[in-house]
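The values are calculated or read from the model by the stated rules, or taken from the named source; none is laboratory data. In this text, all values refer to a predicted model and were calculated from it rather than measured experimentally. Positions of Cβ are generated from backbone atoms using ideal geometry, with glycine treated the same way; all protein chains shown enter the neighbour counts.
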Amino acid sequence: MSDDLNAAPADTAPAAPRALQKPHRREHHGDVVNDPYEWLRDKDSPEVIAHLEAENAYAEARLAHLAPLRERIVDEIKGRTQETDLSIPVREGDWWYYGRTVEGLQYGIQCRVPAKRIDPADPMDPAAWTPPPPLPDPSQPREGEQIVIDGNVEAEGHDFFAIGSLDVSDDGHWLLFAVDTEGDERYTLRIRDLRTGETLPDEITETAAGAFFDPSGQYVFYATVDDSWRPDTIWRHRVGTPRAEDVQVFHEPDDSYWVGAGRTRSGRWLVIEAASSITSETHVLEAADPTGTFQVVRPRRHGIEYDLEHAVIGGRDWWLITHNDGAPDFQIDAVPVDAPHEPPVTLVPHEPGVRIEGIDAFAHALVLDYRAGGLPRTAIARLAPDTALEALHWPGATAPVEARGAWVELVAPLDGEKLVSLGTRGNPEWAQPTLRIGYTSFTEPATVAELDLARLDEGPAAITVLKQQPVLGGYTSADYAERRDWAIAADGTRIPISLVWKRGLVPSLDGSGDGNNAAEPAPSPVHLYGYGSYESSIDPGFSIPRLSMLDRGVVFAIAHVRGGGELGRAWYENGKTTSKVNTFTDFVAVARHLIDTGVTVPERLVAEGGSAGGLLMGAVANLAPELFAGILADVPFVDPLTSILDPELPLTVIEWDEWGNPLHDPEAYAYIKSYAPYENVTAQQYPRILATTSLNDTRVLYVEPAKWVARLRDVGADALLKCEMEAGHGGVSGRYSAWKQRAYELAWLLDVVGASAE
């Protein structure tokens, strides 16, 4: 690896900013640490802001030669995107709701048109449930169209804009919306009369996302956060009254828990959930009594997680409880709402290695979501008025399809070689006779379809495609390929890898079923992505920006490392707390596999990860820098020890169940310190590094990548920092701004792997 890799010409290269070193002593468990860059934490310091601006100027100067490529990539994204478009309407109450995008406008516009009223004598009338047909010209309004909220209007005068709550009262009269104009995820909540367009005086600041109306539309339930950004309190607000009269209905004093609230789809219950990373507790209240007192369903027990769904089966009300009590991969029990202490009936039994993710109840169906073989799966059972609970017993994902009784596996009408994400999407109505579903793969654009429950047994024939994401410019999915591969970790564990490429540009993958080719074709550039935390799974999905990489011969790969949830709860447990290092060594094993099988070489391999995936990037940069030409770390969690030691920092205490508690546990302290990227920067040859961050990010503070880059520079690494000064954890807002941000990153990636001119 060249010492001047990514260096600008010597006569034009600007000097890299060098942060001042200032003494800062930290001591825990007898370990004394001097952190000379901790002063960068002072966000209000003009000196800190000046340093971040200098970093931005340096990155811009170093990467100025990529400006034409960035512009080309933005043009490619625009050229493939139908900028003026409409989503498929979804029925809710007496309206069809849909989104509208307009060429040249940054934000979406939420609209609605009146729906045919449902006749109580014929509630399944197809005419009442058939969405309005597509418009020949999506730039024109539908007949009777009403704008619910226009993000472009609400965003005027702000560099950043995000909606955190959006709800319409059941009668369709009132709109509740909450916006963030800083990027710090603290939202200001307002209420608007959709009949007149008048915004009420009600204004509630500093709320968390997820506020909603009760069924009467008279009350709003919302959450507020504590000083560490933890949602900790649920409030009830009466529409049209001052905030000072709001009533606190629930408060969670334990700093390791956060709270959220919502409604069951049936509309019968209001629900509050308090949860940590490993324990949960649910409280319910009949929605007809919104000023009543919430009651706990099952008191919290350490290490037991559960959530519940209200169902009506055989004319009786049931709680369907998804839990891990004695069932590591979860199971679903049913208990009567009117007799919650009766012995539960197991509806979906525990099956090791098959992760039960939850169940949705409708008047006419149950929808089971689970994960098997590393991919999301969905099964559906029809409900009739006389359906017996016993008939809904799930025999298990490994049982033959013909033995699954009432349950029918949902299968997308795609060829079997695709890695598919499939499930129900956007079904708010309790009594709907159809289910809206969505499916996609790495090569198949997102598709919205409708499943006729009356024809469920017909499989894909019961699915009517409503819309596929348009991809302009002559895109054909057959021109691209995807497949699953496996690497072997140091302890013998098989690590799944998803691979995507354009046919004809990657000889090592086109010419062999296993990645090997006797002719030893030239290695290809590879973009390797990873995350591996919080049991989060990276499922197949289509991306228009990714095509700019694939069309230049770059292979996109995902390392499904431990710490994620792809292969069940054990996959997660073996990549957290005292097993966290498995996440990093798994990623290294995947990189080595791609090199050893001839797909790529280190000089053409670049890695990317964001947030907790940025921790992964920092760790592998220290562990195996020789395997990578470059590392892109988005909003990276690279100083975990400093952050998790301070309970006053945002979201720290709730993280202890994920990472360990280094403040009180010396073994956890030593373990985290052993892999923390910032703590373990050493004098070695690093790949080229680009770290991105946002000044107002409350999840991973900008100071972490700022300190990391400063320390990397101390050992001679070629590291760049780009800090968005008006953004949050998710980066800039607005689709055009997001395209420019992604083009900035992709141009850097292409330059690193030597594919910028391809």
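A few remarks follow.
- Taking every residue in segment 345-371 that is without any contact (Cβ under 8 Å) to a residue 40 or more places away in the chain and pairing it with any residue that is basic (Lys, Arg), at least 6 positions away or on another chain, the pairs with Cβ-Cβ distances below 9 Å are Ile356/Arg371; Glu357/Arg371; Leu368/Arg377; Tyr370/Arg355; Tyr370/Arg377.
- Flag for Ser228 being out of contact with any strand residue (DSSP E or B) (no Cβ under 7 Å at 6 or more places or on another chain), modelled with pLDDT of 95 or more and not hydrophobic (A, V, I, L, M, F, W, C): no
- Pick from segment 77-90, criterion under 25 Å from the mean Cα position of the chain (by Cα) and not in a loop (DSSP other than H, G, I, E, B), ranking: surrounded by the most Cβ atoms within 10 Å (Cβ to Cβ): Ile77
- Picking from residues in segment 119-140 that are aliphatic (A, V, I, L, M) and without any contact (Cβ under 8 Å) to a residue 12 or more places away in the chain, the one that is surrounded by the most Cβ atoms within 10 Å (Cβ to Cβ) is Ala127.
- Members of segment 682-702 that are out of contact with any strand residue (DSSP E or B) (no Cβ under 8 Å at 6 or more places or on another chain) and crowded, with 23+ Cβ neighbours inside 10 Å: Leu701
- 3 or more residues within 26 Å of Leu528 (Cα to Cα) and at pLDDT 95 or above: qualifying helices (runs of 4 or more DSSP H) within segment 625-695: 666-675
- With respect to the conditions (1) at pLDDT 95 or above; (2) hydrophobic (A, V, I, L, M, F, W, C); (3) out of contact with any Asp or Glu (no Cβ under 7 Å at 6 or more places or on another chain), Leu66 lacks only one, and its number is (3).
- Only listed residue being assigned to a loop (DSSP other than H, G, I, E, B) and either surrounded by fewer than 18 Cβ atoms within 10 Å (Cβ to Cβ) or at pLDDT 95 or above (or both), chosen from Ala570, Ala518, Ala591: Ala518
- For segment 219-246, filtering for residues that are at positive phi and buried (at least 19 other Cβ atoms within 10 Å of the Cβ) leaves 1.
- If you filter segment 266-282 down to residues that are touching a helix residue (DSSP H, G or I) at 6+ places or on another chain (Cβ under 8 Å) and of a type in the set (Gly, Ala, Ser), you find that the one that is farthest from Ser169 (Cα to Cα) is Ser277.
- Check on Tyr58, of a type in the set (Ser, Thr, Tyr) and either in a strand (DSSP E or B) or closer than 30 Å to Gly197 by Cα (or both): no
- For Val148: the one exception among (1) of a type in the set (Val, Ile, Thr); (2) over 30 Å from Asp697 (Cα atoms); (3) touching a Cys at 6+ places or on another chain (Cβ under 8 Å): (2)
- The single residue among Lys740, Lys707, Lys722 that is at negative phi and surrounded by fewer than 19 Cβ atoms within 10 Å (Cβ to Cβ) turns out to be Lys740.
- Members of segment 236-265 found to be touching a helix residue (DSSP H, G or I) at 6+ places or on another chain (Cβ under 9 Å) and under 13 Å from Leu189 (Cβ atoms), listed by number: His237
- Scanning segment 107-118 for residues that are part of a loop (DSSP other than H, G, I, E, B) and in contact with a strand residue (DSSP E or B) (Cβ under 7 Å, 6 or more places away or on another chain), we see that the one that is surrounded by the fewest Cβ atoms within 10 Å (Cβ to Cβ) is Gly108.
- Hits in segment 641-651 - residues which are touching a residue at least 40 places away in the same chain (Cβ under 8 Å) and in contact with a Leu (Cβ under 8 Å, 6 or more places away or on another chain): Ser643, Leu645, Pro647, Leu649, Pro650
- Condition check for Pro428: over 30 Å from Ala557 (Cα atoms), assigned to a loop (DSSP other than H, G, I, E, B), outside the structural domain of Trp501 (by TED's automatic domain parsing) and under 23 Å from the mean Cα position of the chain (by Cα): yes
- Members of segment 454-476 found to be assigned to a helix (DSSP H, G or I) and buried (at least 18 other Cβ atoms within 10 Å of the Cβ), listed by number: Leu456, Ala462
- Within segment 315-363, the set of residues being polar (S, T, N, Q) and either surrounded by fewer than 18 Cβ atoms within 10 Å (Cβ to Cβ) or assigned by TED's automatic domain parsing to the domain that holds Val271 (or both) comprises just one member, Thr346.
- Segment 247-262: number of residues that are under 24 Å from Thr199 (Cβ atoms) and crowded, with 17+ Cβ neighbours inside 10 Å: 1
- Condition check for Leu567: more than 21 Å from Lys673 (Cα to Cα) and out of contact with any strand residue (DSSP E or B) (no Cβ under 7 Å at 6 or more places or on another chain): yes
- Val709 touching a strand residue (DSSP E or B) at 6+ places or on another chain (Cβ under 9 Å), closer than 17 Å to Gly609 by Cα and modelled with pLDDT under 95: no
- Unmet criterion (only one of (1) over 24 Å from Leu627 (Cα atoms); (2) out of contact with any Cys (no Cβ under 9 Å at 6 or more places or on another chain); (3) of a type outside the set (A, V, I, L, M); (4) in the same structural domain as Ala738 (by TED's automatic domain parsing)) for Trp708: (1)
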